[in-house]
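Structure, as structure tokens:
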Amino acid sequence: MALSTKIEWTNATWNPWQGCHKVSPGCYNCYMYREKQIYGQNPEVIVRSRTTFNDPMKWKNPRFIFVCSWSDWFIEDADSWRNEAWEIIRNTPYHTYQILTKRPERIKSHLPHDWKNGWENVWLGVSIENQDYIFRKKLLLKIPAKIHFISAEPLLGPIDLGELKDIDWVITGGESGPNARSMHPDWARSIKNQCIEASVAYFHKQNGGSKKIHGAWGGRVLDGKTWDSIPEKNMNLDYLSYNNNIQCGLKNF
């Protein structure tokens, strides 16, 4: 049975450490900051988890795992813990790990020694919230990986993604929460069309806002349908038996 997560494009989340530092406009209304503050915790203090660090070793069925939903895998403060976390990924090849960062300049110098052309069970991605941060794509593509992906969430303006060669997946989504900034549908529509033109898997997570529609903030319908594609290559087919809601390949096109 699939895990229930608040992130529509993954099966599980893993936070070996928590806490982060804001680095760009996409961080301004970060949900982690809100939730940490509700519990009286300082969201800018990065701490190693005492209870979840080894979680993937306990999960015996294959899962898609979004890594560091409450931090950043490549944040400086976690440098002393990251090698141990890489070992967990190495020792659980039946899981697929989705690593998304706003710090692509730190990727190259913080990979495992045997990374070579990328590990089979690791996807590398960058967040790009508006055109000012398109440089993160260039930095991402300097790193070999089995899957490269872009998360345009929260989508804060129109983005011309440019050449999409070697990009395997693009996610869009509007911001959610009490101070959510609006996403114009044309921004997501443009990215969707760019993906279709380049035959890149496209996933639209949500339209954003402070109201849920059918379980997603602002609903998930764009141009009369939902867009649920994920990359077909490197797919762990066993995963499909755990989550039948996510479509494989370019079926939505």
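Just the residues that are assigned to a helix (DSSP H, G or I) and of a type in the set (Gly, Ala, Ser), please, taken from the range 170-225. First the steps, then the outcome.
So in the range 170-225, the residues assigned to a helix (DSSP H, G or I) come out as 185-198.
Answer for the range 170-225, where residues must be assigned to a helix (DSSP H, G or I) and of a type in the set (Gly, Ala, Ser): 188, 190, 198.
Output the residues belonging to the range 133-160 that are over 16 Å from residue 99 (Cβ atoms), touching a strand residue (DSSP E or B) at 6+ places or on another chain (Cβ under 7 Å) and assigned to a loop (DSSP other than H, G, I, E, B).
Keep residues of the range 133-160 that are over 16 Å from residue 99 (Cβ atoms), which gives 133-135, 138, 152, 154-160.
Then keep just the ones that are touching a strand residue (DSSP E or B) at 6+ places or on another chain (Cβ under 7 Å); that gives 152, 154-155, 159.
Within the range 133-160, 154, 155, 159 meet the criteria.
Give me the pairs: first residue in the range 115-132 and farther than 11 Å from residue 102 by Cα, second residue surrounded by fewer than 24 Cβ atoms within 10 Å (Cβ to Cβ) and among the acidic types (Asp, Glu), beta-carbon distance under 9 Å, and six or more apart or on different chains, which are they?
123/168; 131/160
For residue 69, which of the numbered conditions (1) closer than 22 Å to residue 111 by Cα; (2) among the polar types (S, T, N, Q); (3) over 19 Å from the mean Cα position of the chain (by Cα); (4) surrounded by 14 or more Cβ atoms within 10 Å (Cβ to Cβ) fails to hold?
The number of the failed condition is (3).
Among residues belonging to the range 225-249 that are surrounded by 15 or more Cβ atoms within 10 Å (Cβ to Cβ) and touching a Pro at 6+ places or on another chain (Cβ under 9 Å), point out the one that is modelled with the lowest pLDDT.
242
Can you name the residue in the range 99-141 that is polar (S, T, N, Q) and either over 20 Å from residue 16 (Cβ atoms) or modelled with pLDDT under 95 (or both) and is also nearest to the chain's Cα centre (by Cα) among such residues?
Taking the candidates together, the pick is 130.
Which number in (1) touching a residue at least 12 places away in the same chain (Cβ under 8 Å); (2) charged (D, E, K, R); (3) within 26 Å of residue 217 (Cα to Cα); (4) touching a helix residue (DSSP H, G or I) at 6+ places or on another chain (Cβ under 9 Å) marks the one condition that residue 22 misses?
Checking residue 22 against (1) touching a residue at least 12 places away in the same chain (Cβ under 8 Å); (2) charged (D, E, K, R); (3) within 26 Å of residue 217 (Cα to Cα); (4) touching a helix residue (DSSP H, G or I) at 6+ places or on another chain (Cβ under 9 Å), the one that fails is (1).
Need the failing condition index for residue 179 against (1) of a type in the set (S, T, N, Q); (2) at pLDDT below 95; (3) more than 30 Å from residue 38 (Cα to Cα); (4) exposed (fewer than 15 other Cβ atoms within 10 Å of the Cβ), just the number.
For residue 179, the failing item is (3).
Limited to the range 79-116, what total is found for residues that are more than 22 Å from residue 170 (Cβ to Cβ), not in a helix (DSSP H, G or I) and not hydrophobic (A, V, I, L, M, F, W, C)?
9
For a quick check of your reading of the model, give me the residue pairs whose first member lies in the range 143-165 and is of a type in the set (Asp, Glu), whose second is surrounded by fewer than 17 Cβ atoms within 10 Å (Cβ to Cβ), with beta-carbon atoms closer than 7 Å and at least 6 apart or on different chains.
160/131
Please enumerate the residues belonging to the range 191-224 that are without any contact (Cβ under 8 Å) to a residue 40 or more places away in the chain, surrounded by fewer than 17 Cβ atoms within 10 Å (Cβ to Cβ) and under 21 Å from residue 159 (Cβ atoms).
Of everything in the range 191-224, those that are without any contact (Cβ under 8 Å) to a residue 40 or more places away in the chain, surrounded by fewer than 17 Cβ atoms within 10 Å (Cβ to Cβ) and under 21 Å from residue 159 (Cβ atoms) turn out to be 193, 197, 198, 221, 223.
Within the range 9-31, track down each residue that is buried (at least 17 other Cβ atoms within 10 Å of the Cβ) and of a type in the set (A, V, I, L, M).
Passing the criteria: only 12.
Which of (1) modelled with pLDDT of 95 or more; (2) surrounded by 19 or more Cβ atoms within 10 Å (Cβ to Cβ); (3) not acidic (Asp, Glu) does residue 64 not meet, given it meets every other one?
Among (1) modelled with pLDDT of 95 or more; (2) surrounded by 19 or more Cβ atoms within 10 Å (Cβ to Cβ); (3) not acidic (Asp, Glu), the lone unmet condition for residue 64 is (1).
I need a count of the residues in the range 3-18 that are within 21 Å of residue 180 (Cα to Cα), touching a residue at least 12 places away in the same chain (Cβ under 8 Å) and not hydroxyl-bearing (Ser, Thr, Tyr).
So the answer is 3.
Sort out which residues of the range 137-176 are surrounded by 20 or more Cβ atoms within 10 Å (Cβ to Cβ) and of a type in the set (Asp, Glu), and write them in order of number. Even if it seems obvious, please write down each step before you answer.
Here is the first cut: in the range 137-176, the ones surrounded by 20 or more Cβ atoms within 10 Å (Cβ to Cβ) are 137, 140, 145, 147-156, 159, 167-176.
If the condition is that a residue be surrounded by 20 or more Cβ atoms within 10 Å (Cβ to Cβ) and of a type in the set (Asp, Glu), then 153, 168, 175 are the ones that fit.
For the range 114-136, enumerate the residues that are of a type outside the set (Val, Ile, Thr), surrounded by 15 or more Cβ atoms within 10 Å (Cβ to Cβ) and over 28 Å from residue 90 (Cα atoms). I'd like the intermediate steps shown before the answer.
Our first condition is that a residue be of a type outside the set (Val, Ile, Thr); within the range 114-136, this holds for 114-121, 123-125, 127, 129-133, 135-136.
Filter once more, so that each one left must be surrounded by 15 or more Cβ atoms within 10 Å (Cβ to Cβ): 115, 118-119, 121, 123-125, 127, 129-130, 133, 136.
Matches in the range 114-136: 129, 130, 133.
The values are calculated or read from the model by the stated rules, or taken from the named source; none is laboratory data. Just so we're clear, the structure is a prediction, and the values are computed from it rather than from any experiment. Neighbour counts are summed over all protein chains in view; Cβ atoms, including those assigned to glycine, are modelled from backbone coordinates with ideal geometry.
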